[in-house]
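Okay, so here's the structure we're looking at.
The values are calculated or read from the model by the stated rules, or taken from the named source; none is laboratory data. As the structure is a computational prediction, the values presented were derived from the model and not from experiment. Glycine gets a Cβ as well: all are built from the backbone with ideal geometry, and neighbour counts include every protein chain shown. Remember, those area values only see protein heavy atoms, side chains included, never the ligands or the DNA or RNA. Shrake-Rupley method; radii C 1.70, N 1.55, O 1.52, S 1.80 Å.
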Amino acid sequence: MDLESHRFIGYFEPEQAQKLCQLALVEDHPDGDLIFEEGEIPDYLYLVLKGRVEFSKRAEGDRYQVVTVAEPNSFFGEFGVLDGQPRSARAIAKGGATLAKVSRDHLMTILRDARGEVVLQLFSYITRQLRVTTTQYVKQMVRKQKMELLGEMVNTILHDFRSPFTGIQLSSSMIRELHPDEETQEWCDLISMQIQRMLGMAEEVLEFSRGSTTLSRRRVDVREMLERFENLNRVYFQSCGIEWKIDIREEIYIRADSNKILRVLQNLVGNAIEALEDREGHVTITAQIRDNWCEISIQDDGPGIPEMIQDHLFDAFVTYGKQGGTGLGTAIAKSIVEAHGGAIGFESNPAAGTTFWIRLPLSHDDPIRDEIVEEVRLV
Ligand SMILES: Nc1ncnc2c1ncn2[C@@H]1O[C@H](COP(=O)(O)OP(=O)(O)O)[C@@H](O)[C@H]1O
Ligand SMILES: [Mg+2]
C-alpha cells in the first residue's frame, strides 16, 4: 500500500497528512532485519506499508517470546514516541517489510497542532491494539504454564510407570521361554512392542512440552512402515469393529524417523476411530507420491470435525466432544511432521467424513546411508 492511504495518515487533516508524508522516510527491511531492540530509547513511529513485523520480548536465557505481529496498514512504536520510555519489545521484519518512519520530534510537533478528534482516533486505535496484544500475551502465558505443568505430570507418570512396565516385559519373556510355540511367541512380541509404544507415547508428550525433539532420520520404506502400523493395531482395529484398508501401490521411500511418523499415524487414526464411536465405519490409509512428496492420507466416514474448532484444530489443548480428550494428538502430529520439513492438513465435512493428509520429504539417497540424528525445535 502507499503511504498516503495508510490508516495513520488518514487520521489527520489534509494539510497535516501531506506534511507527514513529506517527513516520513520509507525504508525496505529484508527478512530478519532488526528494526529496534527491547530497551532502546525510541526515536521513530513506524507505519507498515508492506510485509510483517514481529514483536518479541526477552524470556528466560536467550530465548524470545513472540508477543504480537504488525501487518500492513497498522503502525507501531507509538508508546515510546508518546512517553519517551524505552522500547518494551524488539521488532524484527518477517519475510521482508516496507515501513515508513516519522521521527518523534516531527510527530510531536504535528500532534500538538492536531484537532482533538485526531488524538481521539489515535487513542482509540492504541487502546484496541493494547487489548488485542494483552489477550494474545495472556493466552501465550497460559499455554506456556499448561505446557510446563504437562511436562511435570508426564515426567512423574513416566517415572512411576517404568517399574511396572519392566515387570510386564519380564513376565512376557518368561512366558516366551516357557511356551516356545510360534503363536505364543507372536503374542509376547506384541506385548513387548505395545510396552515400547506406551513409553514412546509418554516420551513424545514430554518432548512436545519441552519444545524440542530428537529425530533419528533414515531411509524408510513406507510400505514396511505401514505394515508395522497394521501389525501394531490389528487387535485394536478388530476390537473397534471398524473396517480398515491400507492402500499403497508404489514403492515409496522417505527420509524420516519412522517411530515418530508412526506416532503421527496413531494419533490421526485414533481420532478417526474415536469419531466413529463404535459405529461400523471405514478407515483408509493411502500412501502415494504426489508433487515430489510422499503423501499419506487417513480417511474416515465419520461425522466430520466440528466447525467451531476447525480453525484452531492444530493448537495444543483444543479438544471437542470426547471425554478425556487432551487436545494434544493433532498438535503433536503437526509438530512432528513440521520437524521433518513436511506439512499437514485436513478436509472435513459432515456428509463425507474427514481426511487428514501429511506430506513428507522423499528419500532419493543411496539406501545404505547413515542415519542422521539431530535435535529439532518444535513449534
Ligand atoms: N477424524 C476426525 N473426525 C472428527 N473429529 C475429529 C477427527 N480428528 C480430530 N477430531 C476433532 O478434533 C479434536 C482434537 O483432536 P486431538 O488434537 O487429537 O485431541 P483429542 O483427541 O485429545 O481431543 C477432537 O477432540 C475431535 O473433536
Ligand atoms: Mg486425539
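Observations
- Hits in segment 312-347 (condition: within 10 Å of ligand 2 (Cβ to nearest atom) and either among the polar types (S, T, N, Q) or not in a loop (DSSP other than H, G, I, E, B) (or both)): THR319, THR326, GLY329, THR330, ALA331, ILE332, ALA333
- Entirely in segment 4-73, the strands (runs of 3 or more DSSP E) that have 2 or more residues that are more than 23 Å from LEU107 (Cβ to Cβ): 44-58, 64-70
- ILE261 vs. criteria touching a residue at least 40 places away in the same chain (Cβ under 8 Å), within 16 Å of ligand 2 (Cβ to nearest atom) and either open to solvent by 40 Å² or more (accessible area, probe 1.4 Å) or of a type outside the set (Asp, Glu) (or both): no
- Taken over segment 264-292, the criterion of being more than 11 Å from ligand 2 (Cβ to nearest atom), more than 14 Å from ASP247 (Cβ to Cβ) and over 20 Å from the mean Cα position of the chain (by Cα) is satisfied by LEU276, GLU277, ASP278, ARG279, GLU280, GLY281, ASP291, ASN292.
- Selected residue (only one of ASP247, ASP278 is among the charged types (D, E, K, R) and part of a strand (DSSP E or B)): ASP247
- When restricted to residues that are within 8 Å of ligand 1 (Cβ to nearest atom) and open to solvent by less than 10 Å² (accessible area, probe 1.4 Å), segment 333-348 contains 1.
- Once segment 264-301 is narrowed to residues that are more than 24 Å from SER335 (Cβ to Cβ) and open to solvent by less than 10 Å² (accessible area, probe 1.4 Å), the residue that is nearest to ligand 1 (Cβ to nearest atom) is LEU276.
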